[in-house]
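What follows is one structure encoded as structure tokens, with my remarks underneath.
The values are calculated or read from the model by the stated rules, or taken from the named source; none is laboratory data. Just so it is clear, the model here is predicted, and its values are computed rather than measured. For neighbour counting, all protein chains shown are included, and Cβ atoms are generated from backbone atoms with ideal geometry for every residue, glycine included.
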Amino acid sequence: MKVPALWTRHAAAAAAYALIVALVVWHGVDLRRTLLGGDGDSTAFVWYLGWWPYALSHYLNPFFSTMVWAPQGLNLIWVNCIPVIALLAWPLTRAFGVAVSYDLLTLATPLLNALAAYAFCFALTRRVAAAWFGGFLFAFSSYAMARQNDQLNLSLTAVLPLVAWLVWARFGGRVGRARAVALAAVLMALEAGISLEIFALGVVFAAYAWGLAWWRLPERRAALGRMFVDALWVAPVLLVLVAPLIWPMVTGRHDMHLPAAWPDYFSTDPLNFIIPTATTWLGGAWCAPLSHRFAGLVGEQAAYLGVPLVVVLWGYLRRRGYLAWLLGGVLVASLGPHLWLGGVETGLPMPWAMFHALPLLDNALPARFMLFAALVIAPVGALWLAESGGWRRLLGAGLVVLTLWPAPRPAVPRPDAPLFAPGRLVSLIGADQSVLVLPVGFHSSATYWQAQSGFGFRLTSAYLGFPPVELQRDRPMIDAYLGLAVPDLARQIEAYAKSTGTDYIIATPQTPPSLLAGLGAAGWGARTVDGMVLFKVSQP
């Protein structure tokens, strides 16, 4: 039987990935009415996609905005402002709008991740089936699917397999120094413009991988020495490329401080290595009574490997010390500063406690090291399958795919509202007005509506991640933001509105009736428009 041409097999591999994306991420929803995401993070990324074109076309500083958290504004470099993604997607956003642009990018990210990992694994193995398996292990890992439909900066990880390929090619002498330095600087700058957190964790991972290789592979120290010199050349070039990101970080306000407990709370529970969460289709629901006790939210419970994959890794890595140490170190780092076990913090110190206080790493969440675990597991899985294409290994690979198969990713109706159609609210309240949309908090759609309106008003409260330091000092408002009970909330909202120079409060249908009644008692002028109540704030 004639073997299909190589390009045909590559195309079939890509088509198979696209089919998985269609089944798991899209699953037939109407992209004209649906937002691929289940909480406030998706609406925040819609805002970022709209903000960059708006800021640049209006000659504004894109790294600082007074459109949110007015009047003091927000230094956006400390949140996930995705400049690289937003700029590359600008034509898409202009053609289809911010919501459709976000959905299309959300669909594209797992496919791009899979193709990048496939290319790396094919370079290693020269086997299409093995490379496809490696691409699946990276792009549809528990980490990848936990972040999918949630945060574009954490789900678009295609740069990392390309960097891994470059390191492998340079290590083997397949790429010269000049090309390696140029490509490394560009790829790392792209990653910094996608996610500074993943960029910082990647530097830690690279340093660990290099140091471990120096220890475990003494016969390769000449090549490792050349790569160290390469890194010295990359550093100044990379610094120039990322200067636009570093400058506002150094000179601007540090508006975003996560709670000190978060690096501990968003850590991997080792039971999660073998117990699936809601992210996984097979067994996720069955194990929910146990997995819901794990630390962090579902989006950070991203360590599931499953028994079949653990068996594969054990069988392959027990004879390969360097790779075993590399993966083991990453898994231990993901456990965070202190060990959690079965949802209980034991207080036992872990190695990450030595690093999480360093600059750029103090806000890093250790559970996200599972991305780099997937970066190791993908080529290991490909190499394991390439060793023998026998039916037993193909069956084993199929079992791994089955146990890791993701549950359908969340999607919700788009929160479009007639009041926030372009020009509509401005025609009612005037231009350049400061607005407080109720209720405030993680699940508020205020930033989405601001982007929907074409940035026709300012927000004095917004969801772009955790609230900035200024709000964290206002205990009643931070409690309201977190969804906690606040005594006499109407009075607290009134005080906040006056302290921030809010011109209008807009109460959405989700506003509690008691809060609506309390605001009505303030004596402000109120009118109902498009199903929402507008209060004109009387400033002192």
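Filtering the stretch 343-378 to residues that are within 20 Å of the chain's Cα centre (by Cα) and loosely packed, with under 14 Cβ neighbours inside 10 Å leaves only P359. Every condition in (1) of a type in the set (S, T, Y); (2) buried (at least 20 other Cβ atoms within 10 Å of the Cβ); (3) in a helix (DSSP H, G or I) holds for Y208 except the one numbered (2). If I filter the stretch 49-66 for residues that are in contact (Cβ under 8 Å) with a residue 24 or more places away in the chain and closer than 28 Å to S142 by Cα, do I get at least one hit? Yes, the stretch 49-66 has at least one match.
Within the stretch 401-439, the only residue that satisfies the criterion of being in a strand (DSSP E or B) and over 29 Å from the mean Cα position of the chain (by Cα) is S434. In this structure, does T511 turn out to be in the same structural domain as D432 (by TED's automatic domain parsing), touching a residue at least 24 places away in the same chain (Cβ under 8 Å), within 23 Å of P418 (Cα to Cα) and touching a Pro at 6+ places or on another chain (Cβ under 6 Å)? Criteria met by T511. Looking only at the stretch 4-44, which residues are buried (at least 19 other Cβ atoms within 10 Å of the Cβ) and of a type in the set (S, T, N, Q)? Within the stretch 4-44, S42, T43 meet the criteria. Residue count for the stretch 515-540, restricted to those that are free of Cβ contacts under 8 Å to residues at least 12 places away in the same chain and either basic (K, R) or surrounded by 15 or more Cβ atoms within 10 Å (Cβ to Cβ) (or both): 2.
Scanning the stretch 57-92 for residues that are part of a helix (DSSP H, G or I) and in contact with a Pro (Cβ under 6 Å, 6 or more places away or on another chain), we see that the one that is farthest from F199 (Cα to Cα) is W90. Filtering the stretch 99-135 to residues that are part of a helix (DSSP H, G or I) and among the charged types (D, E, K, R) leaves only D103. Taken over the stretch 1-48, the criterion of being part of a loop (DSSP other than H, G, I, E, B) and touching a residue at least 24 places away in the same chain (Cβ under 8 Å) is satisfied by H27, V29, L31, R32, R33, L36, G37, G38, D39. Checking each residue in the stretch 379-433 for being among the basic types (K, R), more than 30 Å from V529 (Cβ to Cβ) and either exposed (fewer than 14 other Cβ atoms within 10 Å of the Cβ) or touching a residue at least 12 places away in the same chain (Cβ under 8 Å) (or both) picks out R392, R409. Tallying residues that are of a type outside the set (D, E, K, R) and within 14 Å of A303 (Cβ to Cβ) within the stretch 353-374 yields 9. Checked against (1) surrounded by 18 or more Cβ atoms within 10 Å (Cβ to Cβ); (2) modelled with pLDDT of 95 or more; (3) more than 26 Å from A302 (Cα to Cα), L105 meets all criteria but (3).
If I filter the stretch 472-488 down to residues being touching a residue at least 24 places away in the same chain (Cβ under 8 Å) and surrounded by fewer than 21 Cβ atoms within 10 Å (Cβ to Cβ), which single residue comes out as nearest to F535 (Cα to Cα)? Looking at the filtered set, the residue picked out is D488. Residue by residue through the stretch 486-532, note down the ones that are within 16 Å of L425 (Cβ to Cβ), out of contact with any strand residue (DSSP E or B) (no Cβ under 8 Å at 6 or more places or on another chain) and of a type outside the set (D, E). Within the stretch 486-532, V529, G531 qualify. Considering only residues in the stretch 419-444 that are under 18 Å from P467 (Cα atoms) and touching a strand residue (DSSP E or B) at 6+ places or on another chain (Cβ under 8 Å), the one that is modelled with the lowest pLDDT turns out to be S444.
Close Cβ contacts (under 6 Å, 6 or more residues apart or on different chains) running from residues in the stretch 325-350 that are polar (S, T, N, Q) to residues that are not in a helix (DSSP H, G or I) comprise S334/T268; T346/L339.
In the set L282, L313, L348, only one residue is of a type outside the set (D, E) and in a helix (DSSP H, G or I); that residue is L313. Taken together, R179, R220, R216 contain a single residue that is in the same structural domain as L162 (by TED's automatic domain parsing), over 22 Å from Q148 (Cα atoms) and touching a Gly at 6+ places or on another chain (Cβ under 6 Å), which is R216. Of all residues being within 18 Å of the chain's Cα centre (by Cα) and over 23 Å from S291 (Cα atoms) in the stretch 246-278, which is surrounded by the fewest Cβ atoms within 10 Å (Cβ to Cβ)? Just the residue, please. Top of the filtered list is H257.
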